[in-house]
Number of protein chains: 4
Amino acid sequence: MNTFGRNFRCTTFGESHGKAVGAVIDGCPPKISLTEADIQPYLDRRRPGKSPLESGRQEPDQVEILSGTFEGRTTGAPIALIVRNRDHRPGDYDALRDVFRPGHADYTWQAKYGLRDHRGGGRSSGRETLARVAAGAVAVRCLEPYGVAIRGRIVEIHGVTGPEAMEAEIRAARDAGDSVGGIIEVTAAGCPAGLGDPVFLKLDAAIAGAMMSIGAVKGVEIGEGFGAARLLGSEMNDPIIAGGFAGNRAGGILGGISTGQDIIVRAAVKPTPSIRRVQRTVDIAGKEREISIEGRHDPCIAPRIVPVAECMLALVLIDAMLEQAKYRGEE
Amino acid sequence: MNTFGRNFRCTTFGESHGKAVGAVIDGCPPKISLTEADIQPYLDRRRPGKSPLESGRQEPDQVEILSGTFEGRTTGAPIALIVRNRDHRPGDYDALRDVFRPGHADYTWQAKYGLRDHRGGGRSSGRETLARVAAGAVAVRCLEPYGVAIRGRIVEIHGVTGPEAMEAEIRAARDAGDSVGGIIEVTAAGCPAGLGDPVFLKLDAAIAGAMMSIGAVKGVEIGEGFGAARLLGSEMNDPIIAGGFAGNRAGGILGGISTGQDIIVRAAVKPTPSIRRVQRTVDIAGKEREISIEGRHDPCIAPRIVPVAECMLALVLIDAMLEQAKYRGEE
Amino acid sequence: MNTFGRNFRCTTFGESHGKAVGAVIDGCPPKISLTEADIQPYLDRRRPGKSPLESGRQEPDQVEILSGTFEGRTTGAPIALIVRNRDHRPGDYDALRDVFRPGHADYTWQAKYGLRDHRGGGRSSGRETLARVAAGAVAVRCLEPYGVAIRGRIVEIHGVTGPEAMEAEIRAARDAGDSVGGIIEVTAAGCPAGLGDPVFLKLDAAIAGAMMSIGAVKGVEIGEGFGAARLLGSEMNDPIIAGGFAGNRAGGILGGISTGQDIIVRAAVKPTPSIRRVQRTVDIAGKEREISIEGRHDPCIAPRIVPVAECMLALVLIDAMLEQAKYRGEE
Amino acid sequence: MNTFGRNFRCTTFGESHGKAVGAVIDGCPPKISLTEADIQPYLDRRRPGKSPLESGRQEPDQVEILSGTFEGRTTGAPIALIVRNRDHRPGDYDALRDVFRPGHADYTWQAKYGLRDHRGGGRSSGRETLARVAAGAVAVRCLEPYGVAIRGRIVEIHGVTGPEAMEAEIRAARDAGDSVGGIIEVTAAGCPAGLGDPVFLKLDAAIAGAMMSIGAVKGVEIGEGFGAARLLGSEMNDPIIAGGFAGNRAGGILGGISTGQDIIVRAAVKPTPSIRRVQRTVDIAGKEREISIEGRHDPCIAPRIVPVAECMLALVLIDAMLEQAKYRGEE
């Protein structure tokens, strides 16, 4: 299923080594100003190769809007976005053609589809997130008039916090031919109360599904999250006061609906599966093998997931805003 | 949105103090044997008032199948399940008619809908999970021929493990007019590899959304979950060996698709919001008030959420199995 | 697929001889006044046995609202409606247990599901339309504040118009142990311009799908319909004048979106398949047989389809109104 | 709503004078051989300017596959198709910028979206059908292994049949600066019995919605269609015999499910709204005006709708085949 959302519907396409990745956004409200300049900065943030600590694939990732706008404004028609793949070296993956890389999707996607595109993971590659970020940038553009601001950050890497310590962890992993995981946090400020569609599309449910759909994410929590399991009710409940709440352990969502306070989401990112250290695996004939994965791989994916998570949150929120508009129009 | 699933579509209805709760299941395969006896045990597990530690609302919760079966087998037509509410004492909630209970959905549902059913939370009440459990029981029935077995358990209560210690925490909370949270775990054994529909309905994404949609859940993780954020890649990757994997830190899902190993999910349950201890809140006129919530409330919701979580996992899995059948038929 | 609509989502259930038929409406706006008295008149109109010309099954068809309202107003929670089947005589169908009735769904539903409920057609029975009418009545209630008025009528029976001539055709058919078809027309006045969601949920596309889903309908047309195929462009185009249009050959829909003029829909209803006249068929063993269908069957279904068609149009329109509200709220 | 289908999901984009039109197909089964050569012939059939009787817009309409295939076979990942617009002369439409063309979508799309792309109708243009045809060609490719064959033809133009008479009607209309309508018929042979998903996605309902979504279509019928309204039951019912049916007045669908016989669909196409003859209209200020639409317009759209209708039928059938596969896998 490559469509996300009910009202602001985002369909993505594209593989690691295909011709292009992109998205079609259906249900974007009309009359929103939109050009490539609104989207490109998000792609630039996500792009690999920006820092010595990240993988070296060099892609210009220039977005082009193919439809859905007229004289610089959205028309309500579907908006198609495309980014051509340039710096793909499928040859890098030839040695891996016949083996399943541990921790990757190779084994499971072969089981599901009966075939797999071995070049960089095909559709299971992190490159598909580029399309999500492009679409998310459009969602952010739609949210701006409402005063919604979304910010992401890295909370910890391999259990440590603080920029220098986190950077040291990443270097150490890279030098050891290994990788590290981390925890990221995304916050949305300025959301109105009332967003979310109970019971199955409660806002936190939609957010959890959105975050967990990002490759390498293994856990999602809202507000106190797993910490809430260790609190008393008298500690967890945010007191209600005139004008709002005294505290936000709820992370901005109660009963599956936004309270108007900051929405706080954290996601756990597992360490990059592709490492130089030798690993045990099997080949497609079932024979046990050992592999070492060379090439241009991030020792830690968490920093690159931050913009993706921000964009997924934006997609959830614009979808919920449009849903709520159905009732607002009734007043 | 009160429908869950794409293939095995489950629509629930019913409030805490309405006439009945129930579900309509659309897309259940035909020729599955099904009677009330297949469903009732799940409702009995979920029912309140079974132990001195749980709330006292006494409901017989007898399920009735209204449609969708003929001579004891499903026909492929929609299956309607209904459970009449008996022991509802809406009067218990009169004192709360004009205030918002902290930690509950009162405030946010009022913001969203412009009105709220104050009687026990209306649709936001935990009683709506009864319908999910009834539908989940049908899902379990459909999964049985495949050898899928789902088991849930409580991992910890208020940070402690072990049955006696957990029970002591719950008693202490109740005696103090307070409440405690916990962590539950649900496991599905016997699932085939290949389940899940990337990228947005990856199996873990569907599971995360399903669990987070359960009231009081504030976090969801798969396999190592948040623990993966603190591991090295060489530790996290499960080696692939002839016939499967050596290890299951992945929790049965890689690249969003099942591996064939046990699927392991954990959910964080916040402490029950309704406590006897005095709390600060406001009334519907915005005036600050103090309240103490008396009545029949669980000091810990986690035990009752276990069958709900098992049923949500069953609903996700049968949905994914039917999705995969579209391709299996092609071979 | 037993759910209709995207915003005003109506899931129906129930067979001819099961315990009950009913519907769950999800997405009904909150704060709409609603009681059984708003729905019952529509069921009464649809009920069999009201005239000597119609079938004799005597059903009280009393509707009960099980959820989704509080103090006589909708809450935004799912609304469950139920009607118990009383006067079912499954024994009437025993003689037909092993044969496929020509013109009915027996053969095809057996092919699809691998089994069939022979009692009155099971889920393929016209009785399932009762649930649609109940839900449609709620849709009509929601449309009233907008001034939308929906009216249906019979245009012709067996090629003739005029009440006496049409009645004569029905009597003649019944006396001959045969049946006749007809054409019905449903009109919606007072719709605003702008309804419809191009390209695949254009208003006319949604209406066509809705009408064709009614059993026995074999054709649907809008405005001039098939007559437009025989006009010149200069004849078909409705001139645009200040304040609207001079003419309505378009039937209220242009480019798939409502113009603000009356929406005019016609549906072709085939003759009732169940007739006393002898017909050739096969039994479930594939052996050729002859059957004569006795019992309580309408010689013409068209009159009873009128309220069903009105209700389907109401469901389409309220769904489109809520969809359009997403944009209206933006202005 | 620009996505069609539940299993074989086709999302289209693109306007008359935007950069490109295209489609993303999600849910195409893996391992189907697919290259541009499978799609291009369908686009060539649909292309304008092939005969002196059709409009003169010269477009190469060369399709490019951007994703979803590997080594010439589908992978199960989304398939993106794109066709760049070349011969667009937006200037042709400048004179129409401020008026609403009668019979077109200008008025209604302005009412809905609050703005409109006046260049050739924008998204309401017939050019969006190019994307449907591209996607339909992929659907046809997927249906081939099942032996399903889809054929379309023109039944009548302006009330007359026979190639010479129909051509004469078109010439006469063009010479008069007017246009004519027609009726087309599409047939699908070789479909298995059992396709369709009652009650709301019965096969005929899905087909009706699909055909009515094509611009200029004002009516849809199956089998005898509106003719059934004038038959007796004894005439309409197809007798069932060993091995099938004696007759096919049902048009291949009974109870909303395919019988295994030819599926026969007819659609009524209204005359082209753009005519040279003077028409009354208003401008965007509401002032009454007269216009004459010059330029490259077909005097009859019906011939160009035939391939579009074939492709829509293919999309419905592959979607239904995949739906049915969920159950077939169970046997």
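The table below lists the values:
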item	result
Over chain A, relative contact order from alpha-carbon pairs under 8 Å, at least 6 apart, %	22 percent
Teacher prompt: A:Glu290 distances to equivalent labels in other copies, 7 Å Cα→Cβ, nm	7.0, 8.4, 9.1
The protein assembly as shown, dipole about Cα centre (Lys/Arg Cβ +1, Asp/Glu Cβ -1), debye to the nearest 20	0 debye
Dipole of chain C, positive end: most advanced residue of C:Ala228, C:Ile305, C:Ala250 [Cβ charges, Cα centre]	C:Ile305
Theoretical gain in end-to-end length, A:Arg153 to A:Arg280 [0.36 nm per residue, Cα-Cα removed]	42.3 nm
Separation of the B:Glu294 and D:Asp94 label points, Cα + 7 Å toward Cβ, nm	8.2 nm
GluC sites (Glu not before Pro) within the range D:282-316, DSSP loop, no more than 13 other Cβ atoms inside 10 Å	D:Glu294
Label-point separation in nm, D:Asp44 to D:Arg73, each point 7 Å along Cα→Cβ	2.7 nm
Shielding by partners - mean other protein chain Cβ count within 10 Å, residues of D:70-77	6
Dipole of the range B:89-156, positive direction: furthest Cα of B:Ala111, B:Gly121, B:Tyr146, with charges on the beta-carbon	B:Tyr146
Dipole in debye (nearest 20) - the range B:144-224, about Cα centre, beta carbon charges: Lys, Arg +1; Asp, Glu -1	180 debye
Volume of the Cα convex hull of the range B:3-328, divided per residue and given in Å³	149 Å³
The range A:254-296: trypsin sites (Lys or Arg not before Pro) in DSSP loop, at most 12 other beta carbons within 10 Å	A:Lys287
Computed over the protein assembly as shown, Cα set: Rg, Dmax in Å	30.4, 94
Net charge, D:Arg276 excluded, C-beta distance under 11 Å - Lys, Arg +1, Asp, Glu -1	-1
Antiparallel DSSP beta bridges within the protein assembly as shown, percent to nearest 5	100 percent
Averaged over A:112-121, number of beta-carbon atoms from partner chains that fall within 10 Å	6
Charge dipole (debye, nearest 20) of the range A:3-328; +1 at Cβ of Lys and Arg, -1 at Cβ of Asp and Glu	560 debye
For A:28-37, mean number of other protein chain Cβ atoms within 10 Å	2
Label distances, nm, B:Pro163 versus same residue in remaining copies, Cβ-directed 7 Å point	5.4, 7.7, 8.6
Environment charge of D:Ala250, counting only residues whose C-beta is closer than 11 Å and scoring Lys/Arg +1, Asp/Glu -1	-1
Integer Hz, Karplus 6.51/-1.76/1.60 couplings in order for the range A:295-308, x for Gly and Pro	x, 8, 10, 5, x, 8, 7, 3, x, 7, 7, 4, x, 5
Ordering of C:183-192, A:151-160 by burial proxy (mean other Cβ atoms within 10 Å per residue, highest first)	C:183-192, A:151-160
Restraint check, A:Lys202/D:Lys326; A:Lys202/C:Lys31; A:Lys31/C:Lys326, Cα-Cα greater than 18 Å	A:Lys202/D:Lys326; A:Lys202/C:Lys31
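Rule-based calculations on the coordinates, nothing more; no lab input. A quick note: this is a predicted structure, and the numbers were derived from the prediction, not measured. So basically every Cβ, Gly included, is an ideal-geometry build from the backbone, and we count neighbours across all protein chains shown.
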